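Have a look at the structure below, then the notes.
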């Protein structure tokens, strides 16, 4: 069980590095789509380096006029 935790930690670190190399942190403006794209990239981890390029889009309801 202990080795599984380390694999998860390394997996997430690799995902964080991939998000950094794609400049997602620098372009982050707090939007739903940016937050989701960073999250998906973190979770997909090493798969980013074999061609996976996850992105997300969000539709947030606008206030009525």
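Just so it is clear, none of the values below were taken in a lab; they were calculated from the coordinates. What you are looking at is a predicted structure, and each value in this text was computed from that prediction instead of being measured. Cβ: placed from backbone, ideal geometry, glycine included. Neighbour counts: every protein chain shown.
Some values worked out for this structure:
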quantity	calculated
Crossing angle, helix 2-21 versus the chain [Cα axis fit, 0-90 degrees, rounded to tens]	50 degrees
Spatial separation of Cα centroids for segment 1-20 and segment 50-65, in angstrom	25 Å
Helix axis angle, 32-44 relative to the chain longest principal axis, alpha carbon, degrees	10 degrees
FRET efficiency for residue 26 and residue 56, using Cβ-Cβ distance with R0 set to 25 Å, rounded to 0.05	0.90
